[in-house]
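Report on the structure given below.
Laboratory data are not the source of any read-out in this text; all were calculated from the coordinates shown. This is a predicted model, so every value here is computed, not measured. Here Cβ is always computed from backbone atoms with ideal geometry, including for glycine, and neighbour counts include all displayed protein chains.
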Amino acid sequence: MKGVFKTFTCDNCGKKMYKSWHVWSKKGGILAEAHFCKNCGDKLGIDRKIKGVIYDLDGTIVSTTKIHEAAWLYAGEKFNVPISKEMLLNQKGISTEAAAKMILPRNKKYLLRKFIKAKQKYVIDNINKAILFPGILKVINQLTQKGYKIWICTSALKARVEEILNIFTSLKKIKNNIIWCEMYRKGKPSPEALNLTTKKMGLAKTEVYYIGDAFSDYKTSAAAKVKFIYFCPNIRNRDKRIPKPIPIISSHKEIFKLLK
């Protein structure tokens, strides 16, 4: 796409101009041309390298980290399974089943289903204590208005995603833009979930950012070859396994600095 010096009318705002963006699209076998002024072109992201943002859910949009940690400690106490700080760190971002398999010692693997059930029950009973991270709804709205495609890619089961949407109804506006656990076979750090998300978005992997709070999120983005942004509300507690060159934000509004 390039500027052309002729008299054009912006197809979005009606402004007359001598230089415009030319955008060609094909629908139903018909090739159509549209023209946009600079302002509308910027809003529509015509010359934008990053065109979409994918968010993790737990620990990134919704502050549920403490709830999940408490749930694992509850299940551990119930079945006499020691839970270390390292286990709590490593369970972040991965599915409940994968975390349970990681936590349970070999001689207690037979407890897997009961262990998972106890953990999930604790989360369900305490999910009302979850809160949205400050400013996330405003940021999502602003990104959407600027023409960015916003999606969520999570390891959570559909039932828990729906529970969160019922609590935070403002998120329902993007309920059709969510990839949850049952929609793919291999969990993090497999690239499958992110591959599916970018495919649904209709964007190339080079055109999106993936924002997550866990090392498993970083490994997933690396496997999928998607640019990663590390969300860490308390920089002092950053996961040192995530390389320093990776962009890090402590507040969601900081995303706009990285999108310039």
Determine the alpha carbon to alpha carbon distance for each of LYS51/LYS85; LYS108/LYS205; LYS19/LYS146; LYS109/LYS200 and list only those over 29 Å.
LYS51/LYS85; LYS108/LYS205; LYS109/LYS200
Average Cα contact separation per residue, the chain, under 8 Å, 6 or more apart, as relative contact order %
19
Pairwise label distance in nanometres, SER251 with ASN128, each label 7 Å out on the Cα-Cβ vector
3.2
Could you let me know the centre-to-centre spacing of the range 55-111 and the range 229-251, using Cα atoms, in angstrom?
21
Among PRO233, CYS10, LEU112, pick out the residue whose Cα is farthest towards the positive end of the charge dipole of the chain, where Lys and Arg carry +1 and Asp and Glu carry -1 on C-beta, about the Cα centre.
CYS10
Among the DSSP beta bridges whose two residues both lie in the chain, what percent are antiparallel, rounded to the nearest 5?
45
Efficiency of FRET between LEU112 and LYS158 - r from beta-carbon atoms, R0 22 angstrom, step 0.05:
0.60
ILE83-ASN234 pseudo-label distance in nm [points 7 Å out on the Cα-to-Cβ vector]
1.7
Listed with the fewest Cβ neighbours within 10 Å leading, ILE249, ILE131 appear as ILE131, ILE249
To the nearest Å, what is the center-to-center distance of the range 158-223 and the range 115-152, using C-alpha atoms only?
12
Using all Cα-Cα distances in the chain, what percent lands in each 10 angstrom bin from 0 up to the longest?
6, 27, 31, 19, 10, 5, 2, 0
Regarding the range 124-165, what are the three Cα extents along the principal axes, ordered largest first, in Å?
37, 20, 13
Cα-based Rg and Dmax for the range 77-131, where Dmax is the largest Cα-Cα distance (Å)
11.5, 37
Tell me which aspartates and glutamates have Cα within less than 17 Å of LYS114's Cα, excluding those fewer than 8 residues away on the same chain?
GLU77, GLU97, ASP125
Can you give the angle from 0 to 90° between the axis of helix 158-167 and the longest principal axis of the chain, with both taken from C-alpha atoms, to the nearest 10?
70
Would you list which aspartates and glutamates come within 18 Å of LYS16, measuring only between C-alpha atoms, while excluding same-chain residues fewer than 8 positions from it?
GLU33, ASP42
Once both axes come from the Cα atoms, what is the angle between helix 215-224 and the longest principal axis of the chain, in degrees from 0 to 90, rounded to 10?
50
Rounded to the nearest 10 degrees, the helix 112-126 long axis (Cα) sits at an angle to the longest Cα principal axis of the chain of 60
Given the DSSP H assignment, sum -39500 (n - 2.57) over each helix run of at least 4 residues in the chain and divide by its residue total; what's the result at 222 nm in deg cm²/dmol, nearest 500?
-10500 deg cm²/dmol
With a cap of 16 neighbouring Cβ atoms within 10 Å, and only residues DSSP puts in a loop, list the chymotrypsin sites (Phe, Trp or Tyr not before Pro) found in the range 131-176.
PHE168
Would you tally the net charge around ALA70, using a Cβ to Cβ cut-off of less than 13 Å, leaving ALA70 out, and scoring K and R as +1, D and E as -1?
+2
Testing the spin-label approximation: label points 7 Å from Cα along Cα→Cβ at MET183 and GLN142. State their distance in nm.
2.6
Short version: ³J(HN,Hα) in whole Hz for each residue of the range 249-260, in order, from phi by Karplus 6.51 cos²θ - 1.76 cosθ + 1.60 (θ = phi - 60°), x for Gly and Pro, what are they?
10, 9, 9, 5, 5, 5, 4, 5, 5, 7, 8, 6
